[in-house]
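Following: one structure in structure tokens, then a few remarks.
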């Protein structure tokens, strides 16, 4: 247990014991260079560190990158198609039965998949690697009801996600002005919710993020932290892997300099049994990446808070910002 | 002094900037606005605009209005400008004048036929710093300007838009070449080509490299190599590929060099200026161009940049497209 990291959140830890969940593995690997081969090698290393195997008899694979907007991978906001391409090659290497692979994303308030797939290089990737691109907002799905605490949510699980026997979540690590403070694994799955007007959920974002993660359980989280978006984009060369979306988000928050105990969606997810808040780190020490992550400084936080106040009070609109 | 009645057609990004400024103009009153979005019309009402229309044709019938600001998507310029001219309204038309030179010529002849003024919205021509650069060039302190570098790079239409604090999509027309008339070279390049023509005369020769980072059937960045009547060679560099806004012009002369950069301010400084002055330093040239347009209408003088200017800019861009070269 020497390498065990504890979040220090006593209440959540005790709840974890009540839930009877075990310690989750989270790996940290470094991309050395920027070639397809070096990315693939780092992904493979991160998976081996958590003893992850894609399994056998896998016929349908779903990969969910983060394509939140029309900003390409250099901004650190969206998943690099080169990272996704390396993952596809690794899956095909390790799964001899050549499964069907679908890259999925759903329309959002400001983003349409049809444009994002083209602009961010996923149309080309689909052509080059012979994988399917699926706009989840255009698919039929199954209606499900999910309860988080006392709140009940009606959601749709799209057909492609429902029918996949291996679901891989490929998020980014970035700050968000929303209540969740960071966007990582669990928030990326919120993006798979086919309902496009996602801003309507923003008043109860913590609960909805957890609800969508309960409705769509992904088998593997693999963070593309090659370029990260902090107070500015920076090449970090990080790959993180875990089966547990909560544990990996806890580790990602620590890298971004945010106390995970202050993130309500993480606490909620833990209480709802989505995953653990404690994790066992594997690979390179987290401090290596934490020191290099472009964390927000005091000035950024003050400016961000002041601007959010303008928005909250509606003053931004009144003065024509 | 006579006051003129103004109407604004289109309350998108630039239309809303004009709305704020139009309310503060000397010798003009903003009589009405039109837009398809009722939300935008309600915002205008909150700011004090009395009359709002969802159909701009109704606005054009309004006798209180002498002049209109057309801030519609480019593919709607021709029809709207022709109708405004027929209704005998002076026209301030956002850049680019039209999708192509044929539409531009139609707009110009409609304005001439109806004896109304036509001005194209090129705010850099009213920016104090860019005006000083022009003075330096004409006063001779730079000597012969052998080379000019002009750069305008930003995220273009792909900035993060919000409506009532909620994220809003990029309007679909931006993704269709047949509606925009082109990509970054039309959208941003027309500003720089117009400015350089103002400094150095007509474009004699122009070649371009067109870039397709975002895989569209129109360019998202372009580099033009051009020569002007004065003999100055210019490199015009435009792009939608960057999160960072950069607009700068550098003149390299035989005696001295000069450089102007138009930088965005931080949002809080902008907020403070909007609260105290009703405009911001960054957008002040938009106010100045509208004031100039109003003054032209009142004093019956011909505005510049004119429709002809808009046409010449499009002609240069068309030649740049025709003379595009491939790299690599």
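Please report how far the C-alpha centroid of the range B:241-270 lies from that of the range A:48-81, rounded to the nearest whole angstrom.
39
Calculate for chain A the 222 nm mean residue ellipticity that helices alone would give, adding -39,500 (n - 2.57) per DSSP H run of length 4 or more and normalising by residue count, nearest 500 deg cm²/dmol. Could the numbers behind the result be given before it?
Values: 13 runs with 121 residues, N = 321.
Value at 222 nm, helices only, nearest 500: -11000 deg cm²/dmol.
Can you give me the distance in nm between label points at residue B:135 and residue B:173, each placed 7 Å from the Cα along the Cα-to-Cβ direction?
With each label placed 7 Å out from Cα toward Cβ, I get 3.8 nm.
For the Cα atoms of chain B, what angle does the longest principal axis make with the long axis of helix B:101-113, in degrees from 0 to 90, nearest 10?
Taking the Cα atoms of chain B, the angle to B:101-113 is about 50 degrees.
Taking R0 as 51 Å, what's the FRET efficiency between residue B:265 and residue A:93 from their Cβ-Cβ distance, rounded to 0.05? Please list the in-between numbers first.
Numbers: r = 51 Å, r/R0 = 1.00.
So the FRET efficiency works out to roughly 0.50.
Sort the range A:24-318 into rounded, prolate or oblate with this rule: let a ≥ b ≥ c be the square roots of the eigenvalues of the Cα gyration tensor; rounded if a/c is under 1.5, and if a/c is not under 1.5, prolate when a/b is larger than b/c, oblate otherwise. It would help to have the intermediate numbers written out before the result.
Details: a/c = 1.38, a/b = 1.17, b/c = 1.18.
Since a/c stays below 1.5, the shape of the range A:24-318 is classed as rounded.
Starting from the Cα of residue B:45, step 7 Å along the direction of its Cβ; do the same at residue A:144; then give the gap between the two resulting points in nm.
Between residue B:45 and residue A:144, the simple spin-label model gives 4.4 nm.
Take the alpha carbon gyration tensor of the range A:142-193, find the square roots of its eigenvalues, order them as a ≥ b ≥ c, and report rounded if a/c is under 1.5; if not, report prolate when a/b exceeds b/c, else oblate. Intermediate results must be reported in sequence, preceding the final value.
Details: a/c = 2.84, a/b = 1.22, b/c = 2.33.
Since a/c reaches 1.5 but b/c is at least a/b, the shape of the range A:142-193 is classed as oblate.
Tell me the mean residue ellipticity at 222 nm calculated for chain B from its helices only (DSSP H runs of n ≥ 4, each -39500 (n - 2.57), averaged over every residue, nearest 500).
Working: 12 runs with 123 residues, N = 328.
Calculated at 222 nm, the ellipticity per residue is -11000 deg cm²/dmol.
Looking only at Cα atoms, what is the convex hull volume of the protein assembly as shown per residue, in Å³?
It is 173 Å³ per residue.
Pull out a ≥ b ≥ c, the square roots of the eigenvalues of the alpha-carbon gyration tensor of the range B:51-169, then state rounded if a/c is under 1.5, prolate if not and a/b is larger than b/c, and oblate in the remaining case. Could you put the intermediate results ahead of the total?
Details: a/c = 2.23, a/b = 1.39, b/c = 1.60.
Since a/c reaches 1.5 but b/c is at least a/b, the shape of the range B:51-169 is classed as oblate.
Given a Förster radius of 25 Å and the C-beta distance between residue B:246 and residue A:38 as r, what FRET efficiency does 1/(1 + (r/R0)^6) yield to the nearest 0.05? It would help to have the intermediate numbers written out before the result.
Numbers: r = 32 Å, r/R0 = 1.27.
About 0.20, to the nearest 0.05.
Going by how many other beta carbons lie within 10 Å of each one, how would you line up B:288, B:254, fewest first?
Values: B:288 18, B:254 9.
In increasing order of surrounding Cβ atoms, one gets B:254, B:288.
Just the number, please: percent antiparallel of the DSSP beta bridges in the protein assembly as shown, rounded to the nearest 5. Walk me through the numbers before you get to the answer.
Values: 55 of 106 bridges.
DSSP beta bridges in the protein assembly as shown are roughly 50 percent antiparallel.
If you rank A:56, A:128, B:66 by fewest surrounding Cβ atoms within 10 Å, what's the result? Mind dumping the intermediate values first?
On the way: A:56 8, A:128 12, B:66 21.
Starting with the residue having the fewest Cβ neighbours, the order is A:56, A:128, B:66.
Tell me the label-point distance for the pair residue A:259, residue A:235, using the 7 Å Cα-to-Cβ offset, in nm and rounded to one decimal.
Result for the modelled spin labels: 3.5 nm.
Mind sorting A:71, B:198 by how few other Cβ atoms lie within 10 Å of their own Cβ, fewest first?
Values: A:71 23, B:198 18.
Taking fewest neighbouring Cβ atoms as first place, the list is B:198, A:71.
The numbers here are math on the coordinates, done by the rules we state, and not lab data. From a predicted model like this one, the values you see are computed outputs, not experimental measurements. We place every Cβ from the backbone using ideal geometry, glycine too, and count neighbours over all the protein chains shown.
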